[in-house]
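Worksheet: the structure to be examined is printed underneath.
The values are calculated or read from the model by the stated rules, or taken from the named source; none is laboratory data. A quick note: this is a predicted structure, and the numbers were derived from the prediction, not measured. Cβ atoms come from the backbone with ideal geometry, glycine included; neighbour counts cover every protein chain shown.
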Amino acid sequence: MGSKERIQRQKDDTRKSILAAALQIVKQEGWAALSMRKIADVIEYTAPIIYEYFPNKEGILLELTRQGYINLGIKVKAARDSKTSAEDQLEAMWLAYWDFAFEEKEFYQLMYGVQVNCCELYKKMPEAEYTTDLFYDAIEILLTKQPVSEDTSCLKYYTFWSLIHGLISINLVQKGANDEINQEILRSAIKAIIKTIND
């Protein structure tokens, strides 16, 4: 390996270490505790080194938001691909979304502003649009019994998202119902919304 490749690999490794350290701090202490100085302490570098990779803390948050959307998109697509009927696909996709919110709680909080200020730039991220488009496409497949318009797809998507995100937020901020009741509410709501699409 040449010196240029070795230097680039070291830079890539340092960048990954910075992001991993940020996530470690957040998992231990919460988003409010994250600072450039704490990240520097964890990776045992001086704070100015971090600024060579990210212009500020918001740059780190933006990259973590992007990674969160990539991970969510992978899970939602895998859930879709695991089913054959359009109804089952859409249900599986929202259940995967739910699971992601609790398996990757710190990412979800950042991506959607639950107890943390989310980055406004996420709206321009192709990674964020990718997952939304997966849901829109699945909804439009079910809308074959009625004229498909962007407004109709948008309404159905936001009906799903508002209900599911709301239930997730209740449980992330303060413990809502127990897991069994949450699953019953979640599945009943998804099926009810799917039924309104099919009717």
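Overview of results
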| quantity | calculated |
| --- | --- |
| Flag for Ala128 being in the same structural domain as Glu180 (by TED's automatic domain parsing) and modelled with pLDDT of 90 or more | no |
| Unique residue being surrounded by 18 or more Cβ atoms within 10 Å (Cβ to Cβ), assigned by TED's automatic domain parsing to the domain that holds Val173 and farther than 30 Å from Leu143 by Cα when the list is Phe107, Phe100 | Phe107 |
| Residue pairs meeting the criteria (Cβ under 8 Å; at least 6 apart or on separate chains; first under 14 Å from Asn171 (Cα atoms) and β-branched (Val, Ile, Thr), in the range 97-123; second surrounded by fewer than 16 Cβ atoms within 10 Å (Cβ to Cβ) and modelled with pLDDT of 75 or more) | Val114/Val173 |
| Check on Tyr45, outside any helix (DSSP H, G or I) and either under 30 Å from Ala192 (Cα atoms) or of a type in the set (Ser, Thr, Tyr) (or both) | yes |
| Odd one out for Ala189, checked against (1) of a type in the set (A, V, I, L, M); (2) under 14 Å from the mean Cα position of the chain (by Cα); (3) at pLDDT 90 or above | (2) |
| Qualifying residue in the range 66-76 (condition: in contact (Cβ under 8 Å) with a residue 24 or more places away in the chain and over 30 Å from Arg187 (Cβ atoms)) | yes |
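Results for (1) outside the structural domain of Tyr108 (by TED's automatic domain parsing); (2) touching a residue at least 60 places away in the same chain (Cβ under 8 Å); (3) surrounded by 11 or more Cβ atoms within 10 Å (Cβ to Cβ), shown as yes or no for each residue.
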| residue | (1), (2), (3) |
| --- | --- |
| Arg6 | yes, no, no |
| Gln10 | yes, no, no |
| Arg15 | yes, no, yes |
| Ala20 | yes, no, yes |
| Val26 | yes, yes, yes |
| Ala33 | yes, no, no |
| Met36 | yes, no, yes |
| Ile49 | yes, no, yes |
